[in-house]
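Have a look at the structure below before the remarks.
Laboratory data are not the source of any read-out in this text; all were calculated from the coordinates shown. Bear in mind the structure is a predicted one, so any value in this text is a computation, not a measurement. Don't worry about glycine lacking a Cβ; one is built from the backbone with ideal geometry, like all the others, and counts go over all protein chains shown.
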Amino acid sequence: MVDPFMNTLGLKAESSAPGTARVWGRVKPTQLNSMGMAHGGFLYTMADLAFGMAANTYDVPGVALATHMEYLQPAQLGEELEAVAEEVHLGRSTSTYRVDIRCGSQLIATFTGTAFRKQPAGESTKSAKKTSFPK
């Protein structure tokens, strides 16, 4: 599932199993910040793409509810980066993923994302039970 934005950034992607995804690419001059390091937005985009792919490896589409990113080390021009997403929770209506961005063995950033799993129309209410309280 490669989209036009990934192509624009020169990124590649794959998912080898449900709940997982991998996005990789080399840092280009257009992806640097004013200090000459990989822009945080570029790193976030890599993580978000991996998260989105992993969350959508099932028959139920997933959309982001919340994300969080920690930047640990700078990435430099020309470095090959890899964002690997792994599922840490899969529930009926939400799922959570951890994405690590690495340059070789060096951890550059970590990302967590929670997705809302969009059930087919009417599906979410079929199994809902009404709670009765004593009077």
Restricting the search to region 51-70, which residues are in contact with a Phe, Trp or Tyr (Cβ under 8 Å, 6 or more places away or on another chain) and either assigned to a helix (DSSP H, G or I) or surrounded by fewer than 13 Cβ atoms within 10 Å (Cβ to Cβ) (or both)? 51, 54, 55, 63, 68, 70
Hey, residue 87 touching a residue at least 60 places away in the same chain (Cβ under 8 Å), within 21 Å of residue 119 (Cβ to Cβ) and either in contact with a Cys (Cβ under 9 Å, 6 or more places away or on another chain) or of a type in the set (Asp, Glu) (or both) or not: yes
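Take region 6-44 and flag every residue that is part of a helix (DSSP H, G or I), without any contact (Cβ under 8 Å) to a residue 40 or more places away in the chain and touching a helix residue (DSSP H, G or I) at 6+ places or on another chain (Cβ under 8 Å).
Going residue by residue through region 6-44, those that are part of a helix (DSSP H, G or I) are 6-9, 29-31, 40-44.
The next check asks that each one be without any contact (Cβ under 8 Å) to a residue 40 or more places away in the chain; those that pass are 7-9, 30-31, 40-42.
Once the filter is applied, which keeps residues that are part of a helix (DSSP H, G or I), without any contact (Cβ under 8 Å) to a residue 40 or more places away in the chain and touching a helix residue (DSSP H, G or I) at 6+ places or on another chain (Cβ under 8 Å), region 6-44 yields 9, 31, 42.
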